[in-house]
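One structure is given below, encoded as structure tokens.
The values are calculated or read from the model by the stated rules, or taken from the named source; none is laboratory data. Bear in mind the structure is a predicted one, so any value in this text is a computation, not a measurement. Note that we place each Cβ from the backbone using ideal geometry, even for glycine, and neighbour counts take in every protein chain shown. Just so you know, the surface numbers come from the protein's heavy atoms only, side chains and all, with ligands and any DNA or RNA stripped out. Shrake-Rupley method; radii C 1.70, N 1.55, O 1.52, S 1.80 Å.
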Amino acid sequence: MTTTSFQVPEVVPPGLATVFAELLAEVMGVERVSVDSHFFDDLGADSLVMAHFCARVRKRGNLPPVSMKDVYAHPTIRSLAAAVADAPPRPRTPSVSAAIAALTPTSTREYVLCGTLQALCFLAYSYAAMLGIETGYTWISAGSSAVEMYLRLVLAGSAGFFFVSAVPIAAKWMLVGRWKPQQIRLWSLAYIRFWIVKTLVRSSPAARLFIGTPLYSLYLRALGARIGRGVVILSRRVPVCTDLLTIGAGTVIRKEAIFNGYRAQSGRIETGPVTLGRDVLVGERSVLDINTSMGDGAQLGHASALHIGQVVPAGERWHGCPAQHTDLNYLRVAPARCGTLRRAAYSVAAVLVVLFFYLPLVEGTASLAIGGAASLAGMLAPTAHADALGELIVEAAILSLVIFFGLALIGLLLAVAASRVLNRFIKPDTVYPLYGLHDAVHRAIARIGRMRFFTFLFGDSSYIVHYLQWLGYHLSPVEQTGSNFGTEVMHANPCLSAVGTGTMVADGLILVNDEVSSTSFRVSRVAIGPRNFIGNDVVYPAGGRTGDNVLLGTKVMVPLDGKRREGLGLLGAPCFEIPRTVERDTQFDHLRTGEALRRGLAAKNRYNLRTIGLFLFTRWIGVFVFATLYLAALELYDAFPHVVSAVCFALSVVVTAVYFSLVHRCVESLRPLQPTICSIYHRDFWLAERLWKLYPIHYLHAFDGTPFKNVLWRLIGVRVGRRVFDDGAHISDPSLTAIGDESVLNYRSKIQCHSQEDGTFKCDRTTIGAGCTLGVGAFVHYGVTMGDGSVLATDSFLMKGEDVPPRAQWGGNPAREI
């Protein structure tokens, strides 16, 4: 990976430099600026000020376009004017492709009808689920001995598992047949078929439990995908349009990679092929848009993206967003012997573990918990028919307490013990073959590292440091700030993860301790230096070439080659150098040392403890509400027509989501979040942390692709227009976000109206205009305005303060007009 250095061109157009100087002076509110003054070091500007400057240049219409990458590469008026002088001026009406310009119209009638049919489909699925649960529970309970009951558990669990796994396959072939490149109008009857198949495929237990094994490839083949021998797919992002997916033998797709085979844009779903040749490598958290392909032996680096129509030739290595050629080798682990017999034996063992251990354990624990709660409730509550409701509530309270707090405590102990004990079976920097004992141990450790409950519980507080140290992280000596880590920290091996003193990490950090080929793997140490700041959604692989005092910006691609970077900032994919810090981010430094730090940290810890208590209490109440409706459904199964119990079961999902949304809204209404700049030791920031912890994101995803998602967004506080399509977006600060009519939010896109750099918290409003599209995995920062009909391409990063003109198409990391 390369970085961009500052070079002053010899030819300087004086007229353009004068205009740029005048515009910058207007933005900064000063009389004049020198054409030779450094934007950041001399003028004290920051990225937000310079983003406003770039927008001001674009609005003039007759000037060459200026992007934030240009500003960082040429940080004076003189050098910037010279660099962009030869670029053609931006036209007043941006050129937009016909595919983007043609908005597919949607109607309110179809929108309402679609929601009604989706609700009926969910009710029908709930009815079938209740029928299966009640039948299985009754049959298992009829067992006369422990051995017989265990055998019945295995048989019932196996039958249910295979049936639920087969339903998505049957639904796909019955409702769709073979996927082909096409356009599907949103909210139409064709879209409903698409939504049913997508929802069933992504929720399939076979896909979830067997990811990374040869069985997963067999499952995708049953759905129509063309997959060669020896393919390794580690990503949990299950592809939907499987007939359009072709993967050659020996290809490896790393964790968190997205290759859906479809995207949403301008009122429609567009499906298209994704073709990967033999021995291809797709890096961690990379995104493949539709109509993309990679030739035999090609590589796509970590945190990279292929935009629509991009083709990686055979044998070439690409990285970045959009991807470009590089000489960097991302496949650095030697192969090992891993034959067909080994793969088959591992697959059989995986099936046996699921059928004879995992499913009976889950079913048996649930049955014992329900039975024990009923017995205890019968002793504590009156048994008269008139008090049946009271007995049900007591039973639900006991059941929810046991499930929530019991599983939380057991999970914490198992996570800590398993991480440390299992790690003894793995040696660092040793090549092991896939699908053996060492591989199973490594997968178990990595799966524990992706458990989000405890990082969500302890994150954004002083207590996350202790939790990570319990798992095995090397953090000593710890310099406690109260915000050392956010709520999302993932790793492949905690005992091989090290973070230096004084480093602060925002959300979404993934430490990639492992390297994988189609036959082998090895684990290595990942070390982040001291005095770093790590922004959001950063993938840090083993061998990252950064050292002390580095700022890694949001979605930055960490360099794996070249010199060791220290004392600077890195941004973009591929990365380039930016200032390590600016004047505005140092205004609260006096609060980070001495007595001021001691007082501020103590007050923050007290506030965070109350937040953790509120989190646990509200989550338990949510489990209690779910348990109450679930038990009511079981009680009503025989007393009333089965549809009543199915309605109760369906309501348990809906009511839980509404409850958590109301909790978030009520907490914020006590002290509404406003645009601000403050220290992390200010109550405004503590409030933001509390709102992030109470955020109901996991409960909202059940409604992706339905009109009900917009209802929940409005309930939380997002200003959402009519017929907005949300396929799984994340909005971190709802009350600061506005989305216009008929906009499209693609899968895993994100709108984040805040940042936190070196102890300074900043947040501002973001407005997405009508008819806009956020591509798959796209990231929109705070203070952004997207004009009506504008498009942000796949996996792109739209920086803070950017002003995207109407009907423009932007893309890249950082994004600029395409």
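So if we plug the beta-carbon distance of Gln587 and His701 into 1/(1 + (r/R0)^6) with R0 = 41 Å, what FRET efficiency do we get, rounded to 0.05?
Calculated transfer efficiency: 0.60.
Place +1 on the Cβ of every Lys and Arg and -1 on the Cβ of every Asp and Glu in the chain, take the dipole about the Cα centre, and give the residue among Ile169, Gly759, His590 whose Cα lies farthest towards its positive end.
Going by the charge dipole, the pick is Ile169.
Sorted by packing (mean other beta-carbon atoms within 10 Å per residue), highest first, where do 791-798, 144-151, 30-37, 314-321 land?
791-798, 314-321, 30-37, 144-151
Per residue, how much accessible area does the chain have with a 1.4 Å probe, in Å²?
Per-residue value: 39 Å².
Could you calculate the FRET efficiency of Thr116 with Gln182 from 1/(1 + (r/R0)^6), where r is the beta carbon distance between them and R0 is 30 Å, rounded to 0.05?
Working from the Cβ atoms, E equals 0.75.
FRET efficiency for Ser203 and Glu31, Cβ-Cβ distance as r, R0 = 45 Å, nearest 0.05?
Here the calculated transfer efficiency is 0.15.
Consider a paramagnetic label point 7 Å from the Cα of Arg420 along Cα→Cβ; state which residues of the stretch 460-502 have an amide N under 16 Å from it.
Those under the cut-off are 465-476, 494-497.
Calculate, in whole percent, how much of the Cα-Cα pair population of the stretch 635-705 lies beyond 20 Å.
Taking all Cα-Cα pairs of the stretch 635-705, the fraction more than 20 Å apart is 51 percent.
So if I place +1 on the C-beta of Lys and Arg and -1 on the C-beta of Asp and Glu, and nothing else carries charge, what would the dipole magnitude of the chain be about its Cα centre? I want it in debye, nearest 20.
Dipole size: approximately 1140 debye.
Highest mean first, what order results for 487-495, 290-298, 713-721 on Cβ atoms within 10 Å?
487-495, 290-298, 713-721
Taking Cα Rg over 2.2 N^0.38 Å straight from the coordinates, which label in [x] 1.08; [y] 1.01; [z] 0.96 is the correct one?
So the structure-derived entry is [z].
Percent relative contact order of the stretch 435-569, based on C-alpha pairs within less than 8 angstrom and at least six residues apart?
Rounded, it is 17 percent for the stretch 435-569.
Specify which residue in the list Trp692, Gly143, Ala702 is farthest towards the positive end of the charge dipole of the chain, using unit charges on the beta carbon of Lys, Arg (+1) and Asp, Glu (-1), about the Cα centre.
Farthest towards the positive pole: Gly143.
Starting from the Cα of Ala336, step 7 Å along the direction of its Cβ; do the same at Asp41; then give the gap between the two resulting points in nm.
The modelled label-to-label distance comes out at 4.9 nm.
Using modelled amide H (1.01 Å from N, peptide plane; none on Pro or chain starts), what sits under 5 Å from the amide H of Gly502, excluding residues fewer than 5 places away?
Glu479, Arg531
Mind checking the angle between helix 359-380 and the chain's longest principal axis? C-alpha axes, 0 to 90 degrees, to the nearest 10.
70 degrees
State the Kirkwood hydrodynamic radius of the stretch 116-190 in Å, one decimal place, computed from all pairs of distinct Cα atoms.
About 15.2 Å, per the Kirkwood formula over Cα pairs.
Multiply the residue separation of Ala349 and Arg221 by 0.36 nm, subtract the distance between their alpha-carbon atoms, and state the gained length in nm to one decimal.
Result for the pair: 44.0 nm of gain on full extension.
Evaluate the relative contact order of the chain (contact order divided by residue number), counting alpha-carbon pairs under 8 angstrom at least 6 apart; express in whole percent.
10 percent
Taking H placed 1.01 Å from N in the peptide plane, check which residues at least 5 places from Lys750 or on another chain put their amide H under 5 Å from its amide H.
Counting only residues 5 or more places away or on other chains, the set is His730, Ala778, Phe779, Val780.
Relative contact order (percent) for the stretch 692-818, with alpha-carbon contacts under 8 angstrom and 6 or more residues of separation?
Relative CO of the stretch 692-818 lands at 16 percent.
Within the chain, what whole-number % of the accessible surface is contributed by carbon and sulfur, with the 1.4 Å probe and all protein chains included in the calculation?
Carbon and sulfur: 63 percent of the exposed surface of the chain.
Work out how much length Ala190 to His325 would gain on full extension: take 0.36 nm times their residue separation and subtract the Cα-Cα distance, in nm to one decimal.
44.7 nm
Specify the angular offset, from 0 to 90 degrees and rounded to the nearest 10, of the alpha carbon long axis of helix 388-401 from the longest principal axis of the alpha carbons in the chain.
Roughly 50 degrees, rounded to the nearest 10.
Sort 242-251, 724-733 for me by packing, meaning the mean count of neighbouring Cβ atoms within 10 Å per residue, highest on top.
In decreasing order of mean packing, 242-251, 724-733 become 724-733, 242-251.
Would you tally the net charge around Phe425, using a Cβ to Cβ cut-off of less than 13 Å, leaving Phe425 out, and scoring K and R as +1, D and E as -1?
So the environment of Phe425 carries a net charge of +3.
Quick one: which residues, 5 or more positions from His474 or on another chain, have an amide H under 5 Å from its amide H? H modelled 1.01 Å from N in the peptide plane, none for Pro or chain starts.
The answer is Ser497, Ala498, Val499.
May I ask you to compute the full-extension gain from Ser144 to Ala166, defined as 0.36 nm times their residue separation minus their alpha-carbon distance, rounded to one decimal in nm?
4.8 nm
With axes computed from alpha carbons, what is the tilt in degrees of helix 146-175 against the longest principal axis of the chain, rounded to the nearest 10 within 0 to 90?
The angle comes out at about 50 degrees.
Using just the alpha carbons, could you tell me how many Å³ per residue the convex hull of the stretch 486-624 encloses?
Hull volume over Cα atoms, normalised by residue count, gives 164 Å³.
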